[in-house]
1. Which members of region 188-203 meet the condition of being surrounded by fewer than 15 Cβ atoms within 10 Å (Cβ to Cβ) and in a helix (DSSP H, G or I)?
2. Condition test on Asn72, is it modelled with pLDDT under 95 and within 13 Å of the chain's Cα centre (by Cα)?
3. Would you check which residues across region 92-108 are of a type in the set (Lys, Arg) and not in a helix (DSSP H, G or I) and list them?
4. For Ser120, state whether it is closer than 24 Å to Glu29 by Cα, of a type outside the set (A, V, I, L, M) and without any contact (Cβ under 8 Å) to a residue 24 or more places away in the chain.
5. Kindly indicate whether Ala99 is outside the structural domain of Ser120 (by TED's automatic domain parsing) and either in contact with an Asp or Glu (Cβ under 9 Å, 6 or more places away or on another chain) or at pLDDT below 95 (or both).
6. Just need a number here: residues in region 117-140 that are farther than 13 Å from Tyr95 by Cα, assigned to a helix (DSSP H, G or I) and more than 17 Å from the chain's Cα centre (by Cα).
7. Given the conditions (1) in a helix (DSSP H, G or I); (2) under 30 Å from Ile181 (Cβ atoms), and given that Pro157 satisfies all but one, which numbered condition is not satisfied?
8. I'd like to check something: does region 31-46 contain any residue that is closer than 19 Å to Ala118 by Cα, of a type in the set (Lys, Arg), surrounded by fewer than 22 Cβ atoms within 10 Å (Cβ to Cβ) and not assigned by TED's automatic domain parsing to the domain that holds Tyr129?
Amino acid sequence: MKNLKLSLFCVLLLSMISCKRSAESYYKEAADSIHAGNFKIAEHLCTNAIELKPDYAFAYAGRGMTRLALHNYPGSLSDYEKALSLDPNLKKNVYYGMACDKHSLKDYPGALELYEKAISIEPKDAGNYAGRALTKIAMNDLQGALNDYNEAINLMPNHGYYYLSRGLLKNDMKDKNNACIDLKKARQLGDKSAEGWMYGICN
């Protein structure tokens, strides 16, 4: 009987050890959840990873991404800043997200500065220019925004959303004819919202 109890205890102990998860396994599952669009689950998994490994920079960056998607901009910005303090090499991964946070918090000068840092690191990333264009619009720099959309389209000429965004900007700049050309191109490239905008602007 004593040997049986000892055997059962050993089995239970081994089971507990095998069930113990690493910070890396939580982060991997979080990354999968982010790709699947399950941001709340991913946030929880990143938090689990951080609790096990408080200096895990990638987990902070991942949680920053989930909190940005969940519109928790202060929390996202804090996580991105923590990730950057732990691993400065992550600046390529976090500057864009930090810029989005600052834009959403209406800190437009701060957002602009971060977009410019992101562009200095990745000058061929169209998303950086499109993001900066939105901030420039908020700052009433319409020509600067147009230049950024032009660059985004130059880098990704088959991205319908960029044509849509540039078309709407051109309409705001009283350039209706060229706005409609861009909206038509956006529709051709599969942007489903372009049709409605064309109906309102181009008829």
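1. So in region 188-203, the residues surrounded by fewer than 15 Cβ atoms within 10 Å (Cβ to Cβ) come out as 188, 190, 192-193, 195-196, 199-200, 203.
Residues satisfying the conditions are Gln188, Glu195, Gly196, Tyr199, Gly200.
2. no
3. Lys106, the sole residue that qualifies.
4. Considered against the rule, which asks whether it is closer than 24 Å to Glu29 by Cα, of a type outside the set (A, V, I, L, M) and without any contact (Cβ under 8 Å) to a residue 24 or more places away in the chain, Ser120 comes out as no.
5. No; evaluated as a whole, the condition is false for this residue.
6. So the count comes out to 3.
7. Among (1) in a helix (DSSP H, G or I); (2) under 30 Å from Ile181 (Cβ atoms), Pro157 violates only (1).
8. From region 31-46, those closer than 19 Å to Ala118 by Cα are none; that's our starting set.
Looking through region 31-46, none of the residues is closer than 19 Å to Ala118 by Cα, of a type in the set (Lys, Arg), surrounded by fewer than 22 Cβ atoms within 10 Å (Cβ to Cβ) and not assigned by TED's automatic domain parsing to the domain that holds Tyr129.
The values are calculated or read from the model by the stated rules, or taken from the named source; none is laboratory data. Values in this document were obtained by computation on a predicted structure and should not be read as measured data. No Cβ is skipped: glycine too gets one built from the backbone with ideal geometry, and neighbour counts run over all protein chains shown.
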